[in-house]
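Q: I'd like to ask you about the structure that follows.
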Amino acid sequence: MSTADTRAKAILDWLTHSLSLNIVKFEIASCDASFRRYFRVIHSQGQHIVMDAPPDKENIEPFIRVATLLKQAGLNVPQIYQQNLTQGFLLLEDFGSDCFLDQLNEENATALYCSAFSSLHQLHSDSSLSNSEFPSYNKALLSRELTIFYDWFLKQCLALSIPKNIQDNVNQILIASALEQPQTCVHRDFHCRNLMFLKENSPGIIDFQDTVIGPITYDLVSLLRDCYINWPEEKVLKWMTLYFHKITKSGLINTELETFTRWFDLMGLQRHLKAIGIFSRLNLRDGKPDYLADIPRTLNYVSHICSKYTELAEFNHYLIETILPAYNSKK
């Protein structure tokens, strides 16, 4: 019996004997980029999601702590009904199977993003969250994330070694821009697959366990320049400006739109470089090749921003002359 099957059997034993649930149906609901899995359990008393987080690979205590804080702040995150810390199981509220990615289209995009903006504004403006002991999205963490791109995409995937002066310049520009922004509570994966479409109190927010205190544009650019769905640039800038006015009016920022746009662009570049590295690592290390399909879209974001800012000219040249040809030859 495989490890996965053993854990599924252990979950069923916990649900049946410890929680006394009369199970009607038990099936996989989703997996994510970590070692966590999610099962949907339908039983005579109702319907729930079970998180399976192997204790030797995943620590569920941050999920529980963050969920509690976000729920107290009025964010719609899943209620935790039961927990088994020893085995790494949680019984959660079921938000269903429809995420924003399943629902978004030209007609409803603005309405859906505005509903996400309401949640994002709550996340950014709640002082209890900003004063919580979340980790800081500091220089060290930002630098480590960029290293994922250099190590896993350039070195491991493309067999390239970026010149140190170019790497240092990119890091300095992106990290400085991130740190000069107002620092707020940051979900860190606020995108269309982690926002669940609900009939009431939408969106439901999931995958929040890595919450930090960091740059105010991080979640916004995660949402609008999403690695999993692409929109015309004029729409992205229109939606970004809507949120800019929302947080300006509420006093969260006091800056010009031009500065905010630069923050947004450079924050997106940092995130997209990290994401490309993670997608490569998921394939090479973890045997999860499906994320490779999202690299071209994410690389397009990188190309767009690098061509927009003169201070990124050296990196843009290296991107055009070296990275893209090497990547295209491997596809």
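Q: Under unit Cβ charges (Lys, Arg +1; Asp, Glu -1), what dipole magnitude, rounded to 20 debye, does the stretch 3-92 have relative to its Cα centre?
A: Once rounded to the nearest 20, the dipole reads 160 debye.
Q: Which distance in Å, rounded to a whole number, links the C-alpha centroids of the stretch 211-260 and the stretch 41-55?
A: Comparing the Cα centres of the stretch 211-260 and the stretch 41-55, I get a distance of 35 Å.
Q: Within a 10 angstrom radius of the beta carbon, how do 324, 158 rank from fewest other beta carbons to most?
A: 324, 158
Q: Still on this model: Test of understanding: in a Gaussian network model of the chain with alpha carbons linked when under 10 Å, which of 225, 285, 297 would top the mean-square fluctuation ranking?
A: Result: 285 has the largest fluctuation of those listed.
Q: Tilt of helix 139-148 relative to the longest C-alpha principal axis of the chain, in degrees (0 to 90, nearest 10)?
A: Long axis of 139-148 versus the principal axis of the chain: about 90 degrees.
Q: Tell me, 222, 130, 118 in order of fewest to most beta-carbon neighbours within 10 Å?
A: Lowest count first: 118, 130, 222.
Q: How would you order 51-60, 11-20, 258-267 from highest to lowest mean count of nearby Cβ atoms within 10 Å?
A: Highest-to-lowest ranking by the protection proxy: 258-267, 51-60, 11-20.
Q: Evaluate the charge dipole of the chain about its Cα centre and quote only its size in Debye, nearest 20, assuming +1 on the Cβ of each Lys and Arg and -1 on the Cβ of each Asp and Glu.
A: That gives a dipole near 380 debye.
Q: In degrees from 0 to 90, rounded to the nearest 10, what is the angle of the helix 233-249 Cα long axis to the longest principal axis of the chain?
A: 80
Q: Compute the long axis of helix 295-308 from its Cα atoms, compare it with the longest principal axis of the Cα atoms of the chain, and write down the angle in degrees, 0 to 90, nearest 10.
A: Taking the Cα atoms of the chain, the angle to 295-308 is about 30 degrees.
Q: Given only helices, namely DSSP H runs of n ≥ 4 each adding -39500 (n - 2.57), what is the per-residue ellipticity at 222 nm of the chain, to the nearest 500 deg cm²/dmol?
A: Computed mean residue ellipticity for the chain: -14500 deg cm²/dmol.
Q: For the stretch 61-152, build the charge dipole from Cβ charges (+1 Lys, Arg; -1 Asp, Glu) around the Cα centre, then report which of 138, 150, 80 sits farthest towards its positive end.
A: 138
Q: What is the pair-distance distribution P(r) of the chain, computed from all Cα-Cα distances in 10 Å bins starting at 0, with each bin given as a whole percent?
A: Taking all Cα pairs of the chain, the binned fractions are 5, 24, 32, 25, 11, 2, 0 percent.
Q: Could you give the nm distance between label points at residue 128 and residue 176, where each point is 7 Å from its Cα heading toward the beta carbon?
A: Those two pseudo-labels are separated by 3.9 nm.
Q: Return 322, 6 ranked ascending by Cβ neighbour count within 10 Å, so the fewest neighbours appear first.
A: 6, 322
Every number in this text was worked out from the coordinates using simple rules, so none of it is lab data. Here the structure is a predicted model, which is why all the values come from computation and not from measurement. Quick reminder, even Gly has a Cβ in these numbers, built from the backbone with ideal geometry, and neighbours come from all protein chains shown.
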